[in-house]
Every structure is written in C-alpha cells, then in structure tokens.
1. Condition first: free of Cβ contacts under 8 Å to residues at least 60 places away in the same chain and under 23 Å from the mean Cα position of the chain (by Cα). Now tell me which residues in the stretch 70-99 satisfy that.
2. If we scan the stretch 144-162, do we find a residue that is closer than 13 Å to L114 by Cβ, assigned to a helix (DSSP H, G or I) and at pLDDT below 95?
3. Tell me which residues, restricted to the stretch 18-34, are buried (at least 22 other Cβ atoms within 10 Å of the Cβ) and not basic (K, R).
4. What's the number of the condition Q90 fails, among (1) under 27 Å from E171 (Cβ atoms); (2) at pLDDT 95 or above?
5. Would you be able to tell me the number of residues in the stretch 251-307 that are open to solvent by 70 Å² or more (accessible area, probe 1.4 Å), more than 21 Å from I230 (Cβ to Cβ) and not small (G, A, S)?
6. Given the criteria at pLDDT 90 or above and open to solvent by 30 Å² or more (accessible area, probe 1.4 Å), does Q208 qualify?
7. Kindly indicate whether T219 is open to solvent by less than 60 Å² (accessible area, probe 1.4 Å) and within 17 Å of the chain's Cα centre (by Cα).
8. Looking at the stretch 313-327, is at least one residue open to solvent by less than 60 Å² (accessible area, probe 1.4 Å), part of a helix (DSSP H, G or I) and at pLDDT 80 or above?
Amino acid sequence: MSPNSNDMMAERRYPIGIQTFSEIIREGYLYVDKTDLVWQLAHYAKFIFMSRPRRFGKSLLTSTLESYFQGKKELFEGLKIMEMEKDWEQYPVVRLDLSLAKGQGSAEDLKATLMWLLRPFTELYGKCEDEFSPGKVLNGIMQRAYEQTGKQVVVIVDEYDAPLLEVLHEEDTLADKRMVMQEFYQPLKANERIVKFCFITGITKFSQLSIFSTINNLTNVTMDTMFANICGITENELATVLKEDVERLAQLNGTTADVMHEQLKQKYDGYHFTKDSTDIYNPFSLLKAFQQRELNNYWFESGTPTFLINQLRFFKTDITSLDSLEVFSSDFDQPTENMKDALPLLYQSGYLTIKDYDRDSQLYTLAIPNQEVRVGYIDGLLPVYTGLSARDEEKQARSEGGR
C-alpha cells in the first residue's frame, strides 16, 4: 500500500451512530452507495413495509428516501441514482422516528409523545383547534401540506412498532396503546389520494394495527429478493468499496488482507433476508471494526433488547437449541400477536437468519448468523435470560453431572 493511500485511509471517516444521509454526504463520511436500490424502492409501490434487525441501517435508508423526495439533488452527485432520476421533483415529507416513543408508561403518555413528534410539522404547515389527537393532527398536516405545496405527500415512519414492543404481554396496556397507534395510522389510508409514497420500517409485524389491516395494499418487501441487499454490506462491496479498509485493518493487525477478509466474514457475515439472498455483513459491526481497528462483538454493546428477553421468558424458550432449525416461512415470518413461540422475534431481530432453503419441501433452515452473534448468545443473552453467566452454567452442569 502506497504512502498516499495510507494517508487517505487515515482520513477515512466512518458514520458510526450517524443515520442522517445529508450529514454523511456533507461531512465526508464513508457511504456505501445503495441509491440505485433506493430509487427502485421509491418507484416499486405506493405503500411499503420493510423489516430489518436493529443496527442494519433502516434509519439511514429512511433518511436517504427523505432527501430524495425533498429533491436534494446536490446530495446525490456522483451516486448511482443520478443515472436513474432525471426530474428531481420536490415533495412535502413527513418523516417520523417512533423509537423516540419507547418506554411510555401509559396511552396518554404515548399520545403526548406523538403530538410532540408532530410539532415540527404543525409549525411548518399549521394546526387547527379541533385537532386534539395524534391521528387528527397527522391528517391535518397531510391535508395542509398538499394544499400549500400542490404536491402529494410522502410519509416515512421509522420503527413504527417501537411503542408496543415492550408491552407485548401486558394485555390492558397493549390494548390501550394499540388503539392510540391505530388512530394515529388511519390518515395514511384515508388520504391515499394525496399520498405520493409511504414507507414504514420496524422489526416486527403487528397485523392488527391499522397499517396492516386497513391499508390493504401495503406491500411487504422484507423478503423480496430485489431489496435483499438494501441494508447491510455485501461480499462484493467489502471486496471493492471497502477493499482498502480491509487492507489497512490487516496491516494494523499483522496479517494479510485475505486472512483479514476471511476473519471479517466469519465474525460479521452470514445474514440472509430472502431465500436467494447473497451474504450480508452487519454494517454497524463491520464499520465499527474498521474504526476501532480490531474485531470485537460490537452488535451487543447496547445490550440485549428488553422486549426480546421478555418474549423468551414468556414462551419459556430453550435458547440452547436454536441453531439449525427447519421451519416453514409461516413459522418465522408471522404477525407478532399470533406468535406461539419466540422464533419469529429471534429471526426478525437478527439472532437467527436464513441459512438454506429447500424448494421441494419449501423448508427454510434458520441458524445463528455468525461468530459475533454466537458469542452474544453465550456472553449476552444467556446471562440476562437465566441470571447465570456461561461459566456458572458450566459449573452447574458439572455439578449436576457428578451427582
């Protein structure tokens, strides 16, 4: 590697924790170009739902869509989308991040948080006195945005299920909060005529929520092969766009680029979101390894999601027997409220992934994706779930075996 390339690599900036497309582009952070897929997604259907695990770039995807529909052509100069988009029209965009509505103690608290999230748009487009609920406010925003701009409205909802995940088995609280969310989403169906595009992301599927039950034409692209690579890093992207990053990491760790590539593959690769998906690397962990200059288990830094632990406990899940499960798609890709075990959440959360598909039997094989997740099971999930560390489990097993 030449001195010049070393200097260039020393200046490489990795967007760890940065999910705003405009900031990544303007501040010169590394961006793996997915804009051709973004353009295809924006023209695929009017109402779209996509599920991906946490830290796989869902928020960056929603931010990129926001910038595209706002017509910010200057942000996309030099990217693949420039060969596809010629008009660059500007639409009013209502983008909401419902991860900010987590942990609300009651339905009234949730309503207040939704109203707070909508405030920037009421300041922009106005608000009527009789708009006293989140759904009515959203409806008014959409109507006025259309009237004031003469353009259809784009609505983007990130982590739509966040307010409900932690109360899945608290029946009264869940019912009250579900009613709030149903009322909130109703304008998306009622205003279909003035909607240009609606994109909704999350981890799970609540089919009883109005976005699934009343928007009958909501297109779920979660397992669509066309968009399998829209979140995450592919093998080809690692070998081309990130080639110098791999070489630098190898140099810093005293090994060859080929060996480092294989180590990265074993550690962070192995995700598949469709039966025909190419290998997908966890983007957060991969970029974190480049930034920190060492391979570590970064996906579990923020801990195991509370909702997943609660689900595992509720269903009395045996987490020691989760590898190489043969299931039908209906077993692991089903609505959250219809789950009979924690398998769907383990898949939807990224703790299990598709490893094989038999076309004759139509059976999927689900397994732990890679070394990072496997270590996370042992050092992260197991202690939290059982209250014992891996070492404690081993001691207990030896003790019982000696009786």
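1. Here is the first cut: in the stretch 70-99, the residues free of Cβ contacts under 8 Å to residues at least 60 places away in the same chain are 70-88.
Within the stretch 70-99, Q70, L75, F76, L79, K80, I81 meet the criteria.
2. For the stretch 144-162, residues closer than 13 Å to L114 by Cβ, assigned to a helix (DSSP H, G or I) and at pLDDT below 95: present.
3. First, pick out the residues of the stretch 18-34 that are buried (at least 22 other Cβ atoms within 10 Å of the Cβ): 21, 34.
Result: F21, single match.
4. The single condition Q90 does not satisfy is (1).
5. Of the residues in that region, 14 qualify.
6. Details: at pLDDT 90 or above: no; open to solvent by 30 Å² or more (accessible area, probe 1.4 Å): yes.
Against the criterion (at pLDDT 90 or above and open to solvent by 30 Å² or more (accessible area, probe 1.4 Å)), Q208 does not qualify.
7. It is true that T219 is open to solvent by less than 60 Å² (accessible area, probe 1.4 Å) and within 17 Å of the chain's Cα centre (by Cα).
8. No.
The values are calculated or read from the model by the stated rules, or taken from the named source; none is laboratory data. These figures come from a predicted structure and were not determined experimentally. Positions of Cβ are backbone-derived with ideal geometry, glycine not excepted, and every protein chain shown enters the neighbour counts. With ligands, DNA and RNA removed, areas are computed over all heavy atoms of the protein, side chains included. Shrake-Rupley method; radii C 1.70, N 1.55, O 1.52, S 1.80 Å.
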